[in-house]
Each structure stands twice: as structure tokens, then as C-alpha cells.
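The values are calculated or read from the model by the stated rules, or taken from the named source; none is laboratory data. All of these numbers come straight from a predicted model, not from anything done at the bench. Because the Cβ atoms are built from the backbone with ideal geometry, glycine has one as well, and the counts that use them run over all protein chains shown. Just so you know, the surface numbers come from the protein's heavy atoms only, side chains and all, with ligands and any DNA or RNA stripped out. Shrake-Rupley method; radii C 1.70, N 1.55, O 1.52, S 1.80 Å.
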Amino acid sequence: MMMKEKPVVAFISLGCAKALVDTEQMMASIALHGYPIAFDPDDAEVVVINTCSFLELARAESYDVISEFEYKKGAGEVRAIAVVGCLPQLMGGELNVMFQGVDLWIPISREANIATELDELLGYGPEAPRKVTPLDPAPRLLVTPPHTAYLKIAEGCDNCCSYCLIPRIRGPLVSRTSESIVLEARQLAQMGVKELNLIGQDIAAWGRDRQSPKGLSGLVRELCGIDGIEWIRLLYAHPASIDEGMIEAIASNHKVCKYIDMPIQHSENRVLSSMNRRISRLGLISLIERIRARIPEIALRTTLMVGFPGETDAEFERLLEFMDVIKFDRLGAFVYSREPGTAAASEADQIPEELQGDRLERLMALQADISLEKNSALIGSEVEAIIDGYPDDEGNGARLIGRIRAQAPDVDGIISLVGDANPGDIVKAVVTTAGPYDLEGNISTAGQ
Ligand code: SF4
């Protein structure tokens, strides 16, 4: 009997890079089950929406996208909608009432079964399970440019910051084994990936749950030994988890970008303690001094939160002073979001929205000056850059778009380059112009 052809499926991935990796794994899983994949939802009969839910704003975006596709389904443009990931994980059955046009809800805990659940929904019989060994990394269809990939080394978080829903959504820290991570990194290298961006909720805590003696520094050394991988970048390290081993791993391996993304959230002791951040202002200063002493060229990225309950004017002013003294190279900031079910949501002294917005604006204006100063210091210097592509994606722009080692994909700026190179090349370039986020430069040595 001929099996009827399976419908084309498209994914929409909302939220962070960790969710993007989940999307890439689910795409591969359903492709292996015979579903053609479209990159444009307009070309698909089935749409899978991978949602984010850790902030009210993120939930609102997820609701908007689901409503848009419910409307399209009503108009006959889409046959079925599946909603997966953090939103159903957090909210469960409540969503059935809100969105009656959704055919399938799959929380994170069932994402690995997406292909069978889609088969059941669409009336296809069960398939023989794929043979896997416990070490086999889940296959992925990369949606990033082919030379760069995220590598998720752990899931969940044990830190219990008082404002954060993530431990409730993603559960406690579960580190992948080093064998499985290294195997996946080798496979990515064979697929042409040159840049690995290590991610997790707190990558510096990797291995703690397994009492792994090698720790993150040992894992990074193993990854550095893989042929084809040229750049390794460490993203999302809780400052209280960063140890000398991690600093040494960044300092002493030439493949590791001299870059740390360590969200500090605030600088003031009362706020840090109320956030349950396990580190003090002095602890942060001492950590940053040690990192800069060992790796003078380090680019530090952080995230700050303004308008946390009880944050006084004086505490906010001291946060600005702290930023002005430390001068982070890159910085993202958020307004505190009162998330039901978190410890901070029940604190009495919530800050009015307008004041939160004013504080965010002042903080970002200060950082724009700091970033410009930092970027301007690069003018005239020779940097290494990886070419991501062309400005118009069609290969006929006069300039190329790249990133230097101190620019992570998606969250940092870019370098716009004049010269001869192809996407995926790693080139040397001289920086000619700097703005608060982006750089411009000329390629001095062609790529490899
Ligand atoms: S370390 Fe990050 S993910 Fe973990 S609880 Fe704190 S804010 Fe949430």
C-alpha cells in the first residue's frame, strides 16, 4: 500500500537561542519522519510555533502569533497548528480554552515525540523507531548560517533567582555528558560549522549535577581539539558560577573568543540579595578585575534589570555609576516583569511602569556612550572577522556583513566590510569606523 504524502511543515521559533536549538532538533525529527520542511510558513500546510513564556511580553508575542495562525487556519490557508515549547510547559490546559484553533499542544517535556504526535494528529500510522544509542545527540536542521551554530550543553537551572520563571518552566540543571556534547560538536564541524556558541541557562554551572571533575574548562579544552572549529564562544554564565578554571580556559585556548556573557542584573547589594543572585557588589568588582587582569583584551557582555521591586532612586543612580566605572563592552537591559508564581512578584514595593521606563532609557543612553567609546578604541586596529553574508542576502551588495570575535550572533552588533571574501570565511580586517553598536572596516587578509 502506498503511504500518502506527508504535508509540508514550517516552524516559527520565538524566544531565545536555547529554544532555537530545540526548534532545529524538532525540524530534524519531523524531516526524518518524512515531512517536507518549508522555511516560509506561507509555503506550509502545517505550522509549528515554538513559544516563549518567561516574561509577560514574551507570552503576549506568543499569543499574537498563535492568533494570527488561527485566523489563517479559519481562512483555509493552513491545515493544522501545533504550539510547542515554553508556553504549554508553563500554562498547560488553560491554553485549550484560549485558543481553540490549535490542534496540538506539546510542552518541552514531550518535544522529542513531536513527529509521532504529528503523525497521530494527521492520521499516519506509527513508524519503526530510529535506532539511537544513549550518546547520540538529537539530529538538527540548522537555521543559522551554515558556518555558525549554538551548542546547548545543559538544560534547566538551579539558581532560583527570585524574579525568574525558568527553573519552573525548564526544571533543574541537567548537564549533557561531555561525550555527547563533543560528538555533536564533531558532527557540526563536519557540516561546515566553524563557530560554536555554547549555551545553557548558566553554562558556568555545567557538570555540577554530574560531579564532573573536568568542569566547563575541561569541556572547552576538548572542544578546542576538534578540527574545523575555529571560534568557541561562551554565552550566559552566572557570575557566581564563574571560577578560575573557566577564566583560564578562555585565556589559554586561542580558539576561545576573548568574550564572556555574564548577566549581573544589578550592582547594589540589597537588590542583588533580594534577587537571590548569590554575589555582592564587591564580589562582582573582584571577579571583573580578575578576568581583566588575566585577559586584558576580554569583551564583557552583561544584562541589567531596572525597576526591580524596591529599587530606590539612590540604588539606580549607583547602578549607573557602577556601569560608568566598569564600562561593559556590550550590555542589554530589561525592565523587571512581575511574573506570577515568582518570589519577587509578591514583594510589596513594585515600581510604577513609567518610572521603570525612564530608568531603562537613561541606562541605555549611558551605555550607548560607553559602547561608542569602546568601539572607537578599535579604529585602526586589525581584527579577525567571520563573514555571515551580504547585506541584502543576494550577494550583490558592495559590502559584506561579518562579526569580530567580540560580537556574538543575534545579540551584538556587526562589522560591515569592504573586500573580497565569501560567507563562512574568517578574514583579517582593519576597523575604519565605529558606532555604538556596529563597526565598519576593510578586509586586509583574505579568508580561509
Ligand atoms: S540564573 Fe538565569 S535562568 Fe537561572 S534562575 Fe537566574 S535568571 Fe533564571
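For this structure, a couple of remarks:
- Taking 4.7 Å between beta carbons as the limit, the unpaired Cys residues of the chain are CYS16, CYS52, CYS86, CYS157, CYS160, CYS224, CYS257.
- Averaged over residues, the count of other Cβ atoms within 10 Å places the peptides 158-171, 274-287 in the sequence 158-171, 274-287, highest first.
- Local net charge near ALA205, Cβ-Cβ under 15 Å (Lys/Arg +1, Asp/Glu -1): +3
- When the surface is traced with a 1.4 Å probe over the full set of protein chains, ARG176 keeps roughly 60 Å² accessible.
- If you model the stretch 207-246 as an ellipsoid using its alpha carbon gyration tensor, with each semi-axis the square root of five times an eigenvalue, the axes come out at 20, 13, 8 Å, biggest first.
- Antiparallel DSSP beta bridges within the chain, percent to nearest 5: 30
- Carbon and sulfur %, accessible surface of the stretch 9-122 computed with the full protein complex present, 1.4 Å: 52
- Straightening the chain between LYS4 and VAL418 buys 144.0 nm, computed as 0.36 nm per residue apart minus the Cα-Cα spacing.
- Remark on GLY332: its backbone amide H falls under 5 Å from those of THR302, THR303, LEU304, a criterion applied only to residues 5 or more positions apart or on other chains, H modelled at 1.01 Å from N.
- A simple packing score, the average count of other Cβ atoms within 10 Å per residue, orders the peptides 76-85, 51-60 as 76-85, 51-60, with the highest score first.
- Stokes-Einstein D for the stretch 9-122, Kirkwood Rh over Cα pairs, 20 °C, 1.002 mPa s (µm²/s): 155
- Only Cα pairs under 8 Å and 6+ residues apart enter the sum, and on that basis the relative contact order of the chain stands at 9 percent.
- Rounded D (µm²/s) - the stretch 144-237, Kirkwood Rh over Cα pairs, Stokes-Einstein at 25 °C, 0.890 mPa s: 180
- Each Lys and Arg adds +1 at its Cβ and each Asp and Glu adds -1 at its Cβ; summed about the Cα centre, the chain shows a dipole of about 1500 debye.
- Relative packing of 196-207, 31-42, 258-269, which averages over residues the other C-beta atoms within 10 Å, highest first: 196-207, 258-269, 31-42
- For the chain, with +1 on Lys and Arg beta carbons and -1 on Asp and Glu, the positive-most of ILE66, SER252, ALA19 along the dipole: SER252
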